Every structure is written in structure tokens, then in C-alpha cells.
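Q: Structure incoming, see below.
The values are calculated or read from the model by the stated rules, or taken from the named source; none is laboratory data. What you see is a predicted model; the values in this text were computed from it and never measured. In this analysis, Cβ positions are derived from the backbone assuming ideal geometry, glycine residues included, and neighbour counts consider all displayed protein chains. All accessible areas refer to the heavy atoms of the entire protein, side chains included, with ligands and DNA or RNA removed. Shrake-Rupley method; radii C 1.70, N 1.55, O 1.52, S 1.80 Å.
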Amino acid sequence: MARKSASHGLGIYGTIWTGQTISNLGTGLGSFSLGVWLYQQTQSVTQFSGMMLAATLTALVLTPVAGSVADRVDRRRVLILCNLGSAVMTLLMVAALYTGRMQPWYAYIVAVVMTGLAIVQGPAFVASVSVLVPRHLLVRTSSLSQTAAAITGIAAPFLAGILIGRIGVHGVIFLDFCTFLIAALSVLIVRIPRPPASGIGTQPFWHDALLGWRYIRERPGLLSLLFLFGSATFSVGIVQALLTPLILSFATPQELGTVSSAGPAGLLLGGLILTLWGGPKQRVWGIFGALVAQALILFLGGLEPNVPLVTAAVFAFMLTTPFIGSGSQAIWQSKVALDLQGRVFAIRGLIASASLPLAYAVAGPLADRVFEPMLAPGGALAGTVGRFIGVGDGRGVGFLFMVLGAFLLALTLVSFLNPRLRNVETELPDATRPEEEQGAGPAEEAPRPEPSAARG
């Protein structure tokens, strides 16, 4: 009975995932094309970055609301309506482009509305996966999504560049419209089981954000995991902001393109490995191991201004990323009550993603005012650290990468010494699934920890 239920759930997941992946590819095509159109019309980097800022602010504001919607409204209905809403927006945009009435300010409206719909849809999709997929396959399904995202990241700009020349921006965005319809249809033809009620989520709508935070705070293992993930994201954000200046300090723009392409390739390979393997049995150990590897990679990547070395470092760094993201996602999906995952995941995402703007804000001043002057000729560290890694342009950023590597290594060690985090998978009970509530034990899964251990 449980085996049949698990297979049926995987079939539903596969149908929805296929539709969403096609839609994500269409979104990549449409986003690239809209960005090209906006820059061509305005010749303004400020206008282009302003659209990205508007989308980011929309995401931050709507994330807690999205979690509440995912838990309070039928998740299948949320997925269908969000995809149809996005389809309507793209169709309106196609009409405006085709008739020549499209204006730059409309691109802002499109970015805000479609980002809002995507944010509302996100927790509903992730929480639905938790209901449909057996626990022992959650790492693989999460890494499968990361693999698809990597493929989309590589393919969408390339395909969009070709298609714009052949069918125009409006033609590419019409393809995006079609992919949203496919995604809506993939959800329309299946049924998503309702999660069993935990008895916790009975508070008024406006208390949902506090409920999500309180749920995390009352479980020290999950709170520590969130802190570790947010701190690691902060470090990665600084690296993302400074990687291009670092490379251009000793390489050509063409070589920058080579290094940049290594990242998606590494992410793709890491996702494929994890999808086929499934990851370690104790997922938190996989997270620790990947973070240690990333710390060492950061240290080596900043050691010398060498294109092959940095290319290899970027590739290896991104290869390990799925082991962190997928492992963390699987732990949260396994341990959080299914009917509360929308709210909890929204707060989790909000806190973790809030570290990125902070990283972007401090990266420039740290490089320009602290580390670069220290490794300039005659700088404070030119005669010590500079003797090993060199002095001049980019060497301060390289040293900052090495410091971030040391920070990430220390953070991982401290987190490993925290027994609540180290034992989070055994101390916290797994969330009750629909088939378990009906009395059908999951034949394909490992035994659950005893409930008595959860309160330790």
C-alpha cells in the first residue's frame, strides 16, 4: 500500500516538475529578452538594475505572505492560478510589444507582478513536494531541481540570443506565455494530497509570520541550521560580488567568460551526481563536508592570480553547492509539519536571503577601503602576506577570499560542535505524511526516530 502510494506520489511530482521546468526555461528566455529590450530602449544601466531592485524588494515583502497562502489555500489551486496569472501578464506584454505600445515603465510592472506570482508559488510547490516524495528521495528531487536550474541558466541566454534575432522579443515572450500554460496544465491534470493537520496552524492570518519564526526558534537544531546556511550565504554573496573584479584584475574579458561558464558547469555536474547518488545517509554530514570543501576552495582560489586556478576553483565550488542546498532542503522538508511548511519555509527563506543584500552592501567597501589598500605596494600587509600572494590590483580581493575561506571553515567547525545541529536528523521526529496518518507504514523508508528523542 505504501509502495503504491509512494510510486503514485512520485508520478504526480514528475508531472508537475516537468511542467515547472518547461515554464522555468520559458521564464529564462523571457527575462533575458525583456532585459535586452529594456536596455536597448533606455541605454541605461540604472534602469536595468532598477528593475532587478524592484523585483528583489517585491520578493522580500511577499515572502511571508506566500508562506501563509501555501498553508491556508489549496496548494494545487495556488500553483494553477499563479501560472495562469503569469501567462496573462506575458500575453499582455506580447500585445504591447507587437503593437509598439510597450514602455519602459511597463517592464517594472511586469517584473513586480510576475516576481510576486513566482514568490507566492514557490512555497506551495516546495511544500507539495514534501507531501508527494518519500523522505529518502527528497535530496535527489531537490538536486534534480538544481540540475534543471543549472541547465536553464546555461541554455536560456544562449537560446534567447538566437531566437531574438529570428522571431523578435515579442516572439520569445510569446513562447514564455505558452510555457506558463503547460505548467498550469501539468498541475490541472493531477491531484495533490492535503497534508495531515498538525493542530498548530490555527492562529489568525496576521500571526503566520510569528508562527513560522516560533516554530523554528523552538527547535534548536533547525535554528542552528538556518544560522549556518545564512552565514554561508553571506560569505558566498561577497564572493559573487567580487569575483568579476578579481578576475579582471589579471585577466581579459574573454577569460572572464571562460571562468564564468565554469560555475554553471560545476553546478550541473554536482546536481547530476547528487541526483544519481542520493547523498550521504546523514544529510547534515554532507552539508558539513561540502562547506569544508568550499572553505578550502576559497582559500586556494585567492592564493594566486591565475586563470586556470580560478576557473578550477569556481567549477569545484559550484560542484559542491548542491550538496549544501539539497541536503538542507531535505532536512527541512522531512522535519517540519507538512501543513506548516509554507509559513516556516517562507520565514526560513526570508532570513537566509536577507544576508545577500548585506553581503552586497559590505563587499565593495571591504575591498576598496580595507583589503585592497593593505595589499597595495607599500600597504600594511605588503611585506608579510604580500610576500606569499603578491601585491597590486586584485590581491586584496584575493586575500579577502582567503579570509572568507578561513571564516567558513571556523563556522563549520563551531556548527559541528553544536550537538543540536549535528544530531538534528535523529533528535527531531519526521513530519507525519498522509499515508502514515492512514496507518500505512512507509515500506521504502528508513525507520523514524522515536518521538521521545524529539524533545531533547
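Q: State the Cα centre-to-centre distance between segment 21-39 and segment 157-183 in whole Å.
A: The distance from the Cα centre of segment 21-39 to that of segment 157-183 comes to 7 Å.
Q: Then there is this: Carbon-plus-sulfur fraction of the accessible area of the chain, 1.4 Å probe, in percent?
A: Working: 14140 of 20620 Å².
Whole-percent figure for carbon plus sulfur exposure: 69.
Q: Ok, one more. Taking just the alpha carbons, could you work out the radius of gyration and Dmax for segment 338-380, both in angstroms?
A: 18.3, 60
Q: Ok, one more. Mean Kyte-Doolittle of at least -0.5 plus a Cα span of 24 Å or more along the axis: flag which DSSP H helices in the chain meet both, please.
A: On the way: long enough: 2-42 (58 Å, 0.06); 45-72 (40 Å, 1.05); 75-98 (34 Å, 1.31); 104-132 (41 Å, 1.60); 138-188 (40 Å, 1.53); 220-248 (43 Å, 1.79); 253-277 (37 Å, 0.91); 283-301 (27 Å, 1.76); 307-335 (43 Å, 0.91); 341-365 (37 Å, 0.90); 395-416 (32 Å, 2.04).
Span-like helices here: 2-42, 45-72, 75-98, 104-132, 138-188, 220-248, 253-277, 283-301, 307-335, 341-365, 395-416.
Q: Right, next: Using the basic label-point model (7 angstrom from Cα toward the beta carbon), what is the ILE109 to ALA265 distance in nanometres?
A: Inter-label distance under the simple model: 4.4 nm.
Q: More than 20 angstrom separation, counting every C-alpha pair in segment 81-227; what % is that?
A: 66 percent
Q: Where the Cα atoms of segment 309-432 are projected onto their three principal axes, how long is each span, largest first, in whole Å?
A: 62, 27, 26
Q: Counting Lys and Arg as +1 and Asp and Glu as -1, what is the net charge of the other residues whose Cβ lies under 12 Å from the Cβ of SER328?
A: The answer is +2.
Q: Still on this structure: Within 14 Å, Cβ to Cβ, of GLY122, how many net charges do the neighbouring residues add up to if Lys/Arg are +1 and Asp/Glu are -1?
A: Working: positive: ARG75, ARG343, ARG348; negative: ASP71.
Here the charged neighbours net out to +2.
Q: Kindly rank 302-311, 266-275 from highest to lowest mean number of other beta carbons found within 10 Å of each residue. Spell out each step's value before the answer.
A: On the way: 302-311: 18.0, 266-275: 21.9.
In decreasing order of mean packing, 302-311, 266-275 become 266-275, 302-311.
Q: Right, here's the next one. Helix-only mean residue ellipticity at 222 nm, the chain, DSSP H runs n ≥ 4 weighted -39,500 (n - 2.57), per residue, nearest 500. What is it?
A: -26500 deg cm²/dmol
Q: How large is the convex hull of the Cα atoms of segment 220-359 per residue, expressed in Å³ as a whole number?
A: 112 Å³
Q: Next up: How many angstrom lie between the Cα centre of segment 236-255 and the Cα centre of segment 364-409?
A: Using only Cα atoms to place each centre, the spacing works out to 14 Å.
Q: Moving to a separate point now. Using a basic spin-label model with each label point 7 Å from the Cα along Cα→Cβ, how many nm lie between ALA361 and LEU309?
A: Label at ALA361, label at LEU309, 3.4 nm between them.
Q: What number comes out for accessible area per residue over the chain if the probe is 1.4 Å? Units Å², please.
A: 45 Å²
Q: In whole angstrom, how long is each semi-axis of the equivalent ellipsoid of the chain, when you take the square root of 5 times every eigenvalue of its Cα gyration tensor and sort them from largest down?
A: 36, 31, 19
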